[in-house]
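The values are calculated or read from the model by the stated rules, or taken from the named source; none is laboratory data. Source: prediction; values computed, not measured. Every residue, glycine as well, gets a Cβ built from its backbone with ideal geometry; the counts of neighbours run over all protein chains shown.
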Amino acid sequence: MRKKRQQLAQVTSNMKIPAMMSLFLVSVGLWDGLQVQSHSMTQLDIFSQETPLDMAPASFDDQYVGCAADMIAALADLNHSEFQTNKVYANGWALANTQWQERRAWESAWDLSPTIFPPPPPGFRDEHGVALLAYTANSPLHKEFNAAVREAGRSRAHYLHHFSFKTLHFLLTEALQLLGSQRSRGCQQVYRGVHGLHFRPARPGATVRLGGFASASLKNVAAQQFGEDTFFGIWTCLGAPIGGYSFFPGEEEVLIPPFETFQVINSSRPAQGPARIYLRALGKRSTYNCEYIKGEEPASPVLKTTGFPHLPGALANPSPNSHPSQGVHT
């Protein structure tokens, strides 16, 4: 699949399609077969390995409760300093900012339908749009960012001194909170596929987190296309639709934050084929809050756990013999 996409990329580079036209094709979902400016939201391009599915205790899970205004005030200086020390982030942000400005100009010129680019919720700023585009771009950024997120919570000191994605983490977290408040449905069923990473299924009833910002799709076929090693069927209440802010709007992407907790409903690891894991949202759990604003002052992590009311849905009682094509995709 990757080789085919590279060949298609060469074809499109030879065609020299104008940037604004390519943006329009992306917006109406006609560009999937031609352009590869984005990573697939359902594929992790890493070497095959096995990892446990657990509470991801080292994940940095700040929700910025009560300090969003202070974080916004600090963003300009913080972002500048991170650009100096993190070139992957700086380059990814520059690419996304260019695309965001083109998209804004295109929307204004063509008065595109709200179903393509939905109106942003109150409080949504340009930085949120750029952050979401940066995360979904075909660059090393999303891989390095999530790898860092999964380790940044090992201690406050590690976050403060070694995590150079503080701005992106805050903007993505706040963007999901804002977009989540806009959705018509409180919770939704999504599908996530993972290539190259075998999750070791937890026992039914176990509480787990996904550890990083996890991309999924409302389309099970889109997820199944890329998941060869692990298929997830997920009932999420904190995942927010970001299709209008992604390089691939047609894939109906949903982004799940690292602090959402899930109950394992069913899982299997056959001798051949992918692991299959069904998750149902339980609530949210954060060890950290407002750590950047606290700065160097000594503080102990404050564990914050909240739950959701009983959640109905297709994933509440999945069949142990369910086939991926019937509900679990990557």
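General observations
- Residue among Lys219, Lys143 that is within 17 Å of Trp235 (Cα to Cα) and basic (Lys, Arg): Lys219
- The residues on offer are Ala68, Ala56, Ala90, Ala74, and the sole one that is at pLDDT 95 or above and under 18 Å from the mean Cα position of the chain (by Cα) is Ala56.
- Hey, Ile234 at pLDDT 85 or above, over 30 Å from Trp106 (Cα atoms) and surrounded by fewer than 23 Cβ atoms within 10 Å (Cβ to Cβ) or not: no
- Scanning the stretch 171-194 for residues being over 14 Å from Ala240 (Cβ atoms) and surrounded by 24 or more Cβ atoms within 10 Å (Cβ to Cβ) gives a total of 4.
- Tally, over the stretch 198-214, of residues that are within 26 Å of Glu251 (Cα to Cα) and surrounded by fewer than 19 Cβ atoms within 10 Å (Cβ to Cβ): 1
- Checked against (1) in a loop (DSSP other than H, G, I, E, B); (2) within 14 Å of Glu260 (Cα to Cα), Trp235 passes all but condition (1).
- Wholly within the stretch 138-223, strands (runs of 3 or more DSSP E) carrying at least 1 residues that are of a type in the set (Lys, Arg) and more than 30 Å from Asn79 (Cβ to Cβ): 197-200
- Residue in the stretch 102-125 that is modelled with pLDDT of 95 or more, surrounded by 20 or more Cβ atoms within 10 Å (Cβ to Cβ), closer than 28 Å to Thr287 by Cβ and of a type outside the set (A, V, I, L, M, F, W, C) present: no
- Scanning the stretch 252-274 for residues that are surrounded by fewer than 22 Cβ atoms within 10 Å (Cβ to Cβ) and over 18 Å from the mean Cα position of the chain (by Cα) yields a total of 10.
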